[in-house]
Every structure is written in C-alpha cells, then in structure tokens.
Amino acid sequence: MRSLVRETTLDPGDLIYPLFLCPGQGVRRPVSSMPGVFNLSIDEAVREAEEAAGLGIAGLLLFGLPETKDAQGTGAWDENGIVQQGLRAIKESAAAKKLVLIADVCLCEYTSHGHCGIVAKTDDEWTVENDQTLDLLARAASSLAQAGADIVAPSDMMDGRVAVIRRALDKAGCADTPILSYASKFASAFYGPFREAADSAPQFGDRKTYQMDGANLREAMREIDLDIGEGADMILMKPAMPYLDVIRAARQRVEVPIGAYQVSGEYSMLQAAFEKGWLDRDRAILESLIGIRRAGADFIVTYFAKDAAKLLG
C-alpha cells in the first residue's frame, strides 16, 4: 500500500554516473578521499560503462585528466584529448545504445593553474578573465560534441558562455546537441574530494569570483533565467543536499528539465559514516537520493549510481 500511494519515485533511469578518465591501459587508480571511486583508463571506463548500462543507469558524466596541462587548458578541445578518446571508445561499445553520454565542459582539469578560465595578473592580483574564456569553452564543447557527446555540460560559471557555446555547436554541425548548463553552481566546501579525483585544485586564490555565493537564492534564480534565455536546454544544480531549497525554487520557476549533482563531499561524508557504522548504508543512500528527487530534480548525478541501481533492482 505504501508503494501504491508513494508520491516520489526513484529509478536507475533517474541516475547519471560520473567517470574520471586518465591516460594509460588497465589503470584503476583509487581516489583516496572517495572510497569506491577511481581514475580510469579508457579501457576500464568502457567496462564501467557496460556495467552501468546493464544496471539501467541513464548515462555517464565524463571528466578528463590530461597527460599535460598549460595556462589555456588546450587539452579541453584537443581532438585526441582524453575525454574525446573516451567518448569514441564508449560509442563503439555495447553500452552505447543504452547510455546518454554527457561531457563536462570546463578548463579547470586542463589548466596548469587549476582555474576554470583564463587568468591575468593586474596590480599584483590574479583575476579570471570571463570574456577571454568564452571562445575556449565553445571550442571545447564543439570538440566534445563532434567526438560523440550526446549532451555538453558547461560547469565553468562564466557569464555568457551558454550563448557562445550554442552558436559554436550550431556552426560545427551539432545543432541537435543539447546544453546542460550548470546554471546554479555554488562556491562550496563540498567539492574538496572532487578536486583530488580530477586533479583540478586551484594553484592560487579560489573560485568565489565566478561560482555563486551560497547565501543567495534570488541571485541563483537570475543565473538560471539568464542561461535559459541564452539557450540552455536543461539545467544542473550543484551541490544538492545543502541547496535543496534552490532545487525546489527552480522547479517552481522553470519548465526545462532539472538535474542535481550529489557532489563529492556529500558522497565522502556518507561513506565516512558508513565506515564508522554510524549510518545504515543502503537506507541512507536511497534516502539521500529520494530527498533530492522530492525537492524537484528530474535526474541526479551521483557517485552512488551503481550502488543505488543495484538496491533498486
């Protein structure tokens, strides 16, 4: 009877599984701060993709760790970049027809300084140059779409990037490739473990000049409106748990599909409690995800995707 009258449901098809791709063969390098998460060579990533497809998971969100980095993050749009190679390999696998492949669009994993855009020094201070970064993001998005990404997901939080990416995709013959915009991405303490996994920690300063102030709900709504106005087909809220009210407010405001990212810190925090025996693992995983769905998310990016899919199955 409880199942019959349940208001909010959770299904493996609501989940997106993030993968971190790295160079090499047979590489499965543990991320110390995220138990159960690995840096994967492409052959290992293909195996993960096939398992995810078999579990009914909706798709993958791909991040890359390049062999080399530079000040402009040129690896982000390299035709033979690590994510571009990964996209082509997964597209050729048995998992291809069952998974939506989403490519993260950002420079932080590819820049030597670890910021999401071009940096400049003025008066002994470093600044991130918003407008100079836009063309590079557009080049990255076009490269990833042409390599096989079903969706491109700009996570940089530069102003105006959705419009520039949309024009670049259309010009590159990828007019049907949708944009999943990280429209509401807050400067959060919960990203710490991800920066180990993606090797993307800033080498100086922080990202507060371009990621959002966690105290501002109304500003988040303005950011969402701007991105949708520029052509975003769907939006992603990040983090999830500390910002459930933002997900709810967005759901009540816009009609586009909304995703939420249960970020690395949320995952690691729960994993630490599981290791201590302080929480029931299976119940806590599903409860954390159903709460995000109840707040209004249509789909969830989560490192628990495989675990949750097995529990739901």
ask   = Between segment 81-99 and segment 173-199, what's the alpha-carbon centroid distance in Å?
value = 19 Å
request  = On a C-alpha basis, how far is the centre of segment 1-73 from the centre of segment 241-261 in Å? Whole number, if you could?
outcome  = 22 Å
key: Solvent-accessible area, 1.4 Å probe, carbon plus sulfur percent, for segment 1-151   = 46 percent
query = Of the labelled options (i) 33, 57, 9, 0; (ii) 34, 61, 5, 0; (iii) 26, 46, 21, 5, 2, 0, which one gives P(r) over Cα pairs in 20 Å bins from 0, in percent as computed for this structure?
reply = (ii)
query = Would you list LYS208, LYS91 from the most to the least accessible area, probe 1.4 Å?
reply = LYS208, LYS91
key: Surrounding net charge for ALA89, when Lys and Arg each add one and Asp and Glu each subtract one, Cβ distance under 12 Å   = -2
request  = In whole Hz, with x marking every Gly and Pro, tabulate ³J(HN,Hα) for segment 183-192 from phi via Karplus 6.51 cos²θ - 1.76 cosθ + 1.60, θ = phi - 60°.
outcome  = 6, 10, 10, 8, 5, 10, 6, 7, 8, x
ask   = Roughly how many Å² of VAL37 are accessible to a 1.4 Å probe, to the nearest 10?
value = 10 Å²
ask   = Roughly how much of THR209 is accessible, in Å² to the nearest 10, using a 1.4 Å probe?
value = 120 Å²
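Expressed as a whole percentage, what fraction of the accessible surface of segment 228-273 belongs to carbon and sulfur atoms when a 1.4 Å probe is rolled over the protein heavy atoms?
It is 54 percent, rounded to a whole number.
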query = Considering only PRO23, GLN84, TYR191, whose Cα is most displaced toward the positive end of the charge dipole of the chain, charges sitting on Cβ of Lys, Arg (+1) and Asp, Glu (-1)?
reply = TYR191
message = Loop only by DSSP, 14 or fewer other Cβ within 10 Å of the Cβ. Give me the trypsin sites (Lys or Arg not before Pro) in segment 3-47 that pass, ordered by residue number.
response = ARG6
ask   = Largest first, what is the accessible-area ranking of ASP104, ASP176, ASP43, ASP11 with a 1.4 Å probe?
value = ASP176, ASP11, ASP43, ASP104
ask   = Which value, in Å², gives the accessible area per residue of the chain when a 1.4 Å probe is used on the protein heavy atoms?
value = 44 Å²
message = For the chain, what does the helix formula give at 222 nm: sum of -39500 (n - 2.57) over DSSP H segments with n ≥ 4, over the residue count, nearest 500 deg cm²/dmol?
response = -11500 deg cm²/dmol
remark   = Over 27 Å (Cα to Cα) among LYS185/LYS276; LYS91/LYS310; LYS97/LYS310; LYS69/LYS306; LYS98/LYS208 -> LYS185/LYS276; LYS69/LYS306; LYS98/LYS208
note = Sorted by accessible surface (1.4 Å probe, heavy atoms of the protein chains only), largest first, TRP77, TRP126, TRP278 come out as TRP278, TRP126, TRP77
ask   = R0 = 30 Å: FRET efficiency of LYS121 with ARG222, Cβ-based, nearest 0.05?
value = 0.50
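The values are calculated or read from the model by the stated rules, or taken from the named source; none is laboratory data. Since this is a predicted model, take the numbers as computed values, not measurements. FYI the Cβ positions are ideal-geometry reconstructions off the backbone, even for glycines, and counts take in every protein chain you see. These accessible areas exclude ligands, DNA and RNA; they are computed on the full protein's heavy atoms, side chains included. Shrake-Rupley method; radii C 1.70, N 1.55, O 1.52, S 1.80 Å.
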